[in-house]
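Reviewing the structure listed below.
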Amino acid sequence: MAENLFSLVRELVNRVRDLSNDVADATEELESFQEFIDEADKVAEAEEDNNRRDGIKSSVKQLREATFRIKDIIDEYMIFCEERQPDDPRCVALLCEAVDYIKTHIFRLQIAFKIQVVMSLARAERRDFQRQFPLDQRPNSSTGNQNVTRHNLRMASRFIEEDEVVGFEGPTEKLIGWLIEGRPERTVISVVGMAGVGKTTLAKQVFDNKKVVAHFECHAWITVSQSYTVEELMRNMLQMFYREKMEATHRDISTMDQLSLVNELRNYLQKKRYVVLFDDVWNPQFWDEIKFSVIDNKNGSRILITTRNKDVAEFCRRSSFIRVHELQPLSDEKSFELFCQKAFQYDFDGYCPSELKDVCHEIVRKCHGLPLAIVSIGGLLSSKERIALQWKMFSENLSKEMEKNLIGVSKILSLSYDDLPYNLKSCLLYLGMYPEDYEVKSDRLIRQWIAEGFVKHERDKILVEVAQEYLAELIRRNLVQVSLFSIDGKFKRCRVHGSLHNMILRKIKDTGFSQYIDEHDQILLSGMFRRLTIAMGSNDLMESIERSRIRSILIITDKRLSEHFISRILAEQMPLKVLDFEGARLYHVPENLGNLIHLKYLSFRNTQVQSLPKSIGKLQNLETLDVRQTRVFELPMEISKLRKLQHLLADFISSIQLKDSLGGMTSLQKIPSLRMDDDGVVIRELEKLKQLRGLSITNFKGHHGSTLSSSINEMKLLEKLHIDTIDNNEVIDLHFMSSRSALRKLCLNGNLNRLPDWIPRLQHLVKLSLLCSYLTTDPLDSLKDMPSLLFLSISHRAYEGKILHFQDGGFIKLKELELKYLYKLNSVVIDRGALHSLAKLQLSEIPQLKEVPSGIQHLRNLEVLDIWIMPTEFEQSIAQNGGKEHPIIRHVPRVRIISRVGAEVLEILHRTETTKRPTLEMKEISKFFTQRMDPDLSAKINT
C-alpha cells in the first residue's frame, strides 16, 4: 500500500516537474493542428458536392474548437504557473508560504491533467477527420493553387481604390472635360461598370485632378454603398464642405431632421460651384432622394456617381441632365502592363522576365480585363519565386468557373487569403471585427494583434516592428488599403474594401473567429466563438457571452452602456485579452475591472470615464492602457504595479502619484506628458526607462538641462521628444550625443538663445517644431541640408528677425512649412530651386508681412496655401478680383483664407505686445473656435 502511494506521489511530482515541457510540446503541436485545419479549410472550399462540403466544414469546426481548448489551457499555464514559479520548499519557513506552495502545485497538477485530456481529445478528432476526409486525396493541394468554391459572390468595386491603374488615360480626360466644361446647369455624370472594373479608381483620379480641384469651390466625396440613410449622407456633405473651407457650423447638424438638412445644404451651396462624388450607388431611387438637397444654381456644378447598376443612371436621366460613361474592361495590352506592375513591383522594374511571359499572358487572359482581379493576382504572385513551372501550375489551377465567369471576384480574394501564412490570416480576419468601411488606426490594430498573440517574436525586433511588417505585407498583397499616411509615409489609418470585408465575414463565421452583433442583424450567439463586436446597447447578450471563452470584445455603439452590463462582463473573469470601449458612451468603470487578469489591451479612449478603479493594479499582463480623450487626469498609484505596461496613452496625466515609482515600469515605451518637479525626482526616474520611444516634458526649467540630457542619452530608441518650458525666461540647453540618431520628431517650446548645433546633425529627423525660441539669427541656413526633414514649423516668436531666406538647393524634401505668430517678420524670400517638394504652406498672424513670399511662383508642387488672419494688404494683394499678386499663386489648386473673424479673436491674439505662452494662448483660441467654428479647425489651431 505504502509502495503504491509512494509510486503515485512520484508520478504526480514528475508530472508537475515536466509541466513546462508538456506545455512546450502542446504549443508546438498546436501550430501543427492549425496548419492541418488550414489545409482542411481548403479541402472544404474545393469540394463541389454540397453535402460532403457541409460534412467537412462540420468536422473542421470540431477540430477548431479542440484547438481553442488547447490554447485556453496554455494561457492558464502562462498566467498562473509560469509567472508564479514556486520557491524551493527548503526555503519555506512560514505556514502561509507553505500553504501557497501546496496550492500552486495542486493548480499546476490540474493544468497537467487538463493538457493531457485536451490533447488526447484533439488528436482523436484529427484521426477521425483523416479517416473520413483524407487530405492526401484532394487534387492539387499546393498552397495557393487550390480550386475555389462556387458561392453567390458579392461584387468588389472599391478594392483597388488607391492603385494607379493603366488604361484610364482616355476616360480620365473625357470625365475631366465633362466636369469643367459644358452647360451651366447642374449635370449628373455617371460611371457605370461591372464589379472590379475600376470605377472608383477612375473617379478618384478625376476627382483629385488639379484642374478639377481648382475649378470648383466645394468638393465632397461620399461613399453610399448598399445601406445608407439620406440624413446621414446630407450630414456628411455638410461636414465635408465646412471642413474644407474651415468654416463655422452655425447649427448642430447632428440633430437636424431631413427638411432642415435640405435647407441648410441649399443655402450653403446657393452661390457656389460644387462637385459631389457619390461612390458605389446601388439604389435606383437614390437620385430622387438626394437631388433636392444639391441645388441647381446654374453655375456649372456637377454630381459624379459610380454604380454597377445601369438602372441608377437611367433613373437620374428622368429628372436631370446626365452624361454616362460605361467603363469597359482593360485591353489585353493594358491588362498585361498592369499585371506586370503588380507582379514585378519589387524586381525587374515592373517588367516581365522573358521566361515568364507566356504563363503571365495566360494568367492575365483569365482575369478578363478586370483591374481588381489583375491587381489581386499580381499582388499574390509578387512574393512567389520566379520559377516558370510553379507559375504554370498556379495558372492551371485557377478554376474553370473563374475562367468562364470572373464577375465574382471574391473568389480571387479567397485565393489571396488562402495564400497567407496562418498568423497573417488571423491579422486579416481581425479587421472583420470592425464595421464595413471603418477606418481603423494602425497603432490600435497593431496593439490588438500583439495582445491576441498573432505576432511572433523575431530576432533583434520588438513586436511592434514585426506587426508593422505584417501590416505592410497585407497592404503589399492588396488585401488592406491605407486610407491615411503620415507625412513620412507611415500607415496611420487603414481599412478593407467592401468585397473583401464580405469575404472576411464569411470566413470568421465558418471558423468561429468572431461574431458581429448590431441592431440590424442580431444573430443568436451559438457555438464556440473567440471574439465579439457589440454594436448595440442590449444586455440580452450576457447569457451567451458568459458561456463563451471570448478573447476580445470590441464595443462600437453610440448607445449608453449600463453599469450593470459592464459589471457583468467584468464579473465573469473571462480570459479576455482585448477590451475596447473606444467611442462608446461609457461613464463609469466598476471596481471589478481587476478580475480580467488575462487582459493585455484596454481602451477607454473617447469615452466619458472620469477615473479608474484601484483594482487596475491586478491586471499584471496589461500592455496597453488608453485613456485619451477621456476625463481621466489622475491615475491610481496601483498603476505602478503593471510591470508589463508598454503603452500608457493619455492626453495629460498628473505625475505626482507616479513620480516615485515611475522608474519601476521599465517596459514603458509611450507615456503621457510629464510635468517636471522642482526636486528632480521625475527626471531621475526617467533615466531608468530605456525602452521609451516617445517623451513629452512640461514645466521644464533651465537647471533640469544637464540631468535631462543624461537621461535622454540613455534612451537609445527615443523617436519623439517634446519639451515645453514653464515660461519664456527658462532656456532649453540640452546636450545630446551625436549618436542620437533615432530621433524623428522634435518640438522645442521655449527660449533657445541660439539654435542647438546638435539639431542639424539629426539624420533621421522628419518633423521639427520651434516655438518661443526668440532666435535672432536666421535658423534656415543651419537647417536647410537636413536629409530627412519633411515638416518645419517656426512659430510664436521662434524667430525675431525681419527676413527669412530659403536658399537655392535647401530643404529639398520638405513637404509642409508653417510660419506663424512671427511679429517682426516682414519678408520671406524663396530662391528658385529651394523647397522643391513643398506641398503645403501656412502663413498665420504675421502682421508685418504685407506681400506674398518672393519666389512663391517657383513652388510648382505646392497644393495648399493657407492664409490665416494675415494683414488686409496681404489678402487684397492676392484677391481674385484685381489682386496684383494673384497671378503668381494661380498655380496653387487650393488657397484657403481665414480673415479676422471678430473682436474676440483680435483680443485673444493681441492681448499684449509680449506673446503669452502658446500653450495657454492656444487653449483660449481653441475654446473660441470650439464654440463658434468647425471643431476640426479648432483642433488644427490647438495643434
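The values are calculated or read from the model by the stated rules, or taken from the named source; none is laboratory data. Computed from a prediction, not measured in an experiment: that's the story for all the values here. FYI the Cβ positions are ideal-geometry reconstructions off the backbone, even for glycines, and counts take in every protein chain you see.
Okay, here's what the table says:
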item: Pair list, Cβ < 8 Å and 6+ apart or interchain, from the range 311-325 residues that are over 16 Å from residue 301 (Cβ atoms) and of a type outside the set (A, V, I, L, M) to residues that are in a loop (DSSP other than H, G, I, E, B) and modelled with pLDDT of 80 or more; result: 311/284; 314/284; 315/284; 315/285
item: Breaking point among (1) over 17 Å from residue 888 (Cβ atoms); (2) in a loop (DSSP other than H, G, I, E, B), for residue 850; result: (1)
item: Members of the range 188-242 that are of a type in the set (A, V, I, L, M, F, W, C), in a helix (DSSP H, G or I) and in contact (Cβ under 8 Å) with a residue 40 or more places away in the chain; result: 202, 203, 206, 207, 212, 213, 214, 230, 233, 234, 237
item: From 697, 712, 726, residue being within 27 Å of the chain's Cα centre (by Cα) and within 22 Å of residue 680 (Cα to Cα); result: 697
item: Residue count, the range 668-682 (criterion: more than 12 Å from residue 723 (Cβ to Cβ), in contact with a Leu (Cβ under 8 Å, 6 or more places away or on another chain) and not in a loop (DSSP other than H, G, I, E, B)); result: 2
item: Which listed residue is among the hydrophobic types (A, V, I, L, M, F, W, C), touching a strand residue (DSSP E or B) at 6+ places or on another chain (Cβ under 8 Å) and either assigned to a loop (DSSP other than H, G, I, E, B) or closer than 26 Å to residue 718 by Cα (or both), from 625, 658; result: 625
item: Flag if residue 899 is under 30 Å from residue 732 (Cα atoms) and either small (Gly, Ala, Ser) or without any contact (Cβ under 8 Å) to a residue 40 or more places away in the chain (or both); result: no
item: Unmet criterion (only one of (1) among the acidic types (Asp, Glu); (2) modelled with pLDDT under 90; (3) outside any loop (DSSP other than H, G, I, E, B)) for residue 913; result: (3)
item: Contacts under 6 angstrom Cβ, first residue in the range 273-292 being surrounded by 23 or more Cβ atoms within 10 Å (Cβ to Cβ), partner of a type in the set (D, E, K, R), 6 or more apart; result: 275/302
item: Scope the range 449-496; condition assigned to a loop (DSSP other than H, G, I, E, B), out of contact with any strand residue (DSSP E or B) (no Cβ under 9 Å at 6 or more places or on another chain) and of a type in the set (D, E, K, R); matching residues; result: 456, 458, 459, 460, 461, 477, 490
item: Residue selected from the range 342-373 under the condition over 26 Å from the mean Cα position of the chain (by Cα) and within 20 Å of residue 170 (Cα to Cα), by the criterion surrounded by the most Cβ atoms within 10 Å (Cβ to Cβ); result: 370
item: Selected residue (criterion: nearest to the chain's Cα centre (by Cα)) from residues of the range 300-322 that are among the charged types (D, E, K, R) and at pLDDT below 90; result: 308
item: Qualifying residue in the range 858-865 (condition: under 30 Å from residue 731 (Cβ atoms) and β-branched (Val, Ile, Thr)); result: no
item: When residues of the range 628-655 are limited to those that are of a type in the set (A, V, I, L, M, F, W, C) and part of a helix (DSSP H, G or I), the one nearest to residue 586 (Cα to Cα); result: 639
item: Residue among 852, 829 that alone is surrounded by fewer than 20 Cβ atoms within 10 Å (Cβ to Cβ), over 26 Å from residue 486 (Cβ atoms) and among the aliphatic types (A, V, I, L, M); result: 829
item: Pick from the range 579-602, criterion closer than 13 Å to residue 444 by Cβ and part of a loop (DSSP other than H, G, I, E, B), ranking: modelled with the lowest pLDDT; result: 583
